[in-house]
Amino acid sequence: GSSYERFLAANIFQPLGMTSTASLPDDTIVPGRVRGFIPGPPPFGVIPAPWSDHSFDLGSGSLVSTVRDLRRWALAVLSDRLYRRSSFPYPYGWGRLGSDQKAGIEQTGLGNGFTASLAIWWADSLQIIVLGNIESAQWGRWSADLASIARGVAVPVPSRRVEVTLPEGVVACYAGRYETADHRVEIRERGGSLWAFLDDWPIPKYLAPVGRSVFELRSDFGRLDFDTTGAAPSTRMVWIFGPDARTAYTRVVP
């Protein structure tokens, strides 16, 4: 008999003292609320995230919060204050941390212009909470790397990305629509840079050129490698997720 927002406020946020956490529509003015950014071309490397309707994110991306409030939430989870976590294999959407299924739980994700990561380890009650206002695929490293630093373990520094300058006219050869049986990727040129639109999603993903035909996705996983054999334009694109994980997309001729 209550709305989702009122239920959260009355049963979770208020009892735990999470005074800066709420489920709010985008047009609500919140003091101190930061603006989100998505990866973009040099010289700044980011651009303001375009507006998108978050109403469909209810329950998964519809909350605003702070690191202090999320620490209150983490402590409540550790102490079984709201629910007995041991009663659920995946308690309320949490995922398991590491190969040891009893090591801890985490919840991570990214949305239009923002990235978040919250992890808890049972053995030493360590909590790692990160909120970022740049959409970044690096959220997968944050919990493990910061936990290692907190425990005095050295963490290798990732190599610095170096973008290359492409010859004039090359970028246009890669623009077009590529498809598999299940997904579509629209590659568009804007201001001399390439942007990917996945499955007709309106938010663009910047493609950072790291080779003549290879582009890195900074807000998602992997690289895109365009087929440059034969005459332009490119007829094939391969999305490379890892050494043994890749998906080939075929160019669709309009």
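The values are calculated or read from the model by the stated rules, or taken from the named source; none is laboratory data. Quick caveat: nothing in here was measured; it's all calculated off a predicted structure. Please note: Cβ atoms are built from the backbone with ideal geometry, for glycine as well, and neighbour counts cover all protein chains shown. Note: areas computed on protein heavy atoms with side chains; ligands, DNA, RNA excluded. Shrake-Rupley method; radii C 1.70, N 1.55, O 1.52, S 1.80 Å.
For the stretch 165-179, name all the residues that are part of a loop (DSSP other than H, G, I, E, B) and either open to solvent by less than 20 Å² (accessible area, probe 1.4 Å) or not β-branched (Val, Ile, Thr) (or both). Selection gives Leu166, Pro167, Glu168, Gly169, Ala175.
When the stretch 8-51 is limited to residues that are in contact with an Asp or Glu (Cβ under 6 Å, 6 or more places away or on another chain) and outside any loop (DSSP other than H, G, I, E, B), the one that is surrounded by the fewest Cβ atoms within 10 Å (Cβ to Cβ) turns out to be Ser23. Starting from residues that are at pLDDT below 90 and of a type in the set (Ser, Thr, Tyr), keep the ones in the stretch 185-233 and report whichever is farthest from Glu135 (Cα to Cα). Ranking the qualifying residues of the stretch 185-233, first place goes to Thr229.
For the stretch 101-146, the set of residues classified as among the polar types (S, T, N, Q), under 19 Å from Val77 (Cα atoms) and not in a strand (DSSP E or B) consists of Gln101, Ser125, Ser143, listed by residue number.
Ala248 fulfils the conditions (1) part of a loop (DSSP other than H, G, I, E, B); (2) among the aliphatic types (A, V, I, L, M); (3) open to solvent by 20 Å² or more (accessible area, probe 1.4 Å) except for a single criterion, (1).
Quick grid of which residues meet (1) open to solvent by less than 50 Å² (accessible area, probe 1.4 Å); (2) touching a residue at least 24 places away in the same chain (Cβ under 8 Å); (3) out of contact with any Leu (no Cβ under 7 Å at 6 or more places or on another chain); (4) in a loop (DSSP other than H, G, I, E, B):
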residue	(1), (2), (3), (4)
Ser159	no, no, yes, yes
Ala181	no, no, yes, yes
Val185	yes, yes, no, no
Glu189	no, no, yes, no
Trp201	no, no, yes, yes
Leu207	yes, no, no, no
Asp220	yes, yes, yes, yes
Leu224	yes, yes, no, no
Met237	yes, yes, no, no
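Among the residues examined, Val155 does not qualify as over 23 Å from the mean Cα position of the chain (by Cα), surrounded by 12 or more Cβ atoms within 10 Å (Cβ to Cβ) and free of Cβ contacts under 8 Å to residues at least 40 places away in the same chain. Taking Ser213, is it hydroxyl-bearing (Ser, Thr, Tyr), more than 15 Å from Arg236 (Cβ to Cβ) and open to solvent by less than 60 Å² (accessible area, probe 1.4 Å)? So Ser213 fails the test. Surrounded by 10 or more Cβ atoms within 10 Å (Cβ to Cβ), at pLDDT 90 or above, over 30 Å from Leu217 (Cβ atoms) and not β-branched (Val, Ile, Thr) - does that describe any residue in the stretch 54-68? Looking for residues that are surrounded by 10 or more Cβ atoms within 10 Å (Cβ to Cβ), at pLDDT 90 or above, over 30 Å from Leu217 (Cβ atoms) and not β-branched (Val, Ile, Thr), one finds at least one in the stretch 54-68, hence yes.
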